[in-house]
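One structure is given here, and the rest of the page talks about it.
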Amino acid sequence: QVQLIESGGGLVQPGGSLRLSCAASGRLYVINNMGWYRQAPGKQRELVATITRGGSTNYVDSVKGRFTISRNNAENTVYLQMNSLKPEDTAVYYCNAGVRTSYLVPDTDYWGQGTQVTVSS
């Protein structure tokens, strides 16, 4: 019913930048919270940043001042601008969205397929 398609991952040198995008499609009555999570090899998935429909943001301490989350409600898209990237940012990054598919049902969490970000020289 709902698809989240991520793009923008890749290989970048330390200190470089990448911009991730995630577009939602399908049965979208309203999209509430959106966010980015990441999972490095051998580690649990962790929250990176979230943004409410109204634009309030939250970040994990390790990315504060370097990453910026934003969204375009008209285009059902969320972005993650990542600057000053470090090798420890290497992970698969997943888009997440809380979506109501109709006024009759509460939010359901949806996930993208993940996009690899590798920070290495």
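Data table
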item	result
Count of region 100-121 residues which are within 15 Å of the chain's Cα centre (by Cα) and in a strand (DSSP E or B)	6
Long-range neighbours under 6 Å by Cβ, at least six apart or interchain, first residue farther than 10 Å from CYS22 by Cβ within region 103-118, second part of a strand (DSSP E or B) and open to solvent by 100 Å² or more (accessible area, probe 1.4 Å)	THR118/LEU11
Of all residues making up region 81-91, the number that are open to solvent by less than 40 Å² (accessible area, probe 1.4 Å), assigned to a strand (DSSP E or B) and touching a residue at least 60 places away in the same chain (Cβ under 8 Å)	1
Options ARG38, ARG27, ARG45, ARG100: the member that is over 17 Å from SER120 (Cβ atoms) and modelled with pLDDT of 95 or more	ARG45
Enumeration of residues in region 24-57 that are of a type in the set (Ser, Thr, Tyr) and free of Cβ contacts under 8 Å to residues at least 12 places away in the same chain	SER56
Residue selected from region 26-80 under the condition under 18 Å from TYR93 (Cβ atoms) and charged (D, E, K, R), by the criterion most open to solvent (accessible area, probe 1.4 Å)	LYS43
Failed condition for GLY112, given (1) surrounded by 12 or more Cβ atoms within 10 Å (Cβ to Cβ); (2) farther than 18 Å from VAL2 by Cβ	(2)
Residue match in region 3-10 (condition: in contact with a strand residue (DSSP E or B) (Cβ under 7 Å, 6 or more places away or on another chain), of a type outside the set (Lys, Arg) and more than 14 Å from GLY112 (Cβ to Cβ))	yes
Filter pass, ALA97 being of a type in the set (A, V, I, L, M) and within 12 Å of the chain's Cα centre (by Cα)	yes
Which listed residue is free of Cβ contacts under 8 Å to residues at least 24 places away in the same chain, among the hydroxyl-bearing types (Ser, Thr, Tyr) and assigned to a strand (DSSP E or B), from SER21, SER70	SER70
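The values are calculated or read from the model by the stated rules, or taken from the named source; none is laboratory data. Quantities reported herein were computed from a predicted structural model and do not represent experimental measurements. Cβ: placed from backbone, ideal geometry, glycine included. Neighbour counts: every protein chain shown. Heads up: the accessible areas ignore ligands, DNA and RNA and are worked out on the full protein's heavy atoms, side chains in. Shrake-Rupley method; radii C 1.70, N 1.55, O 1.52, S 1.80 Å.
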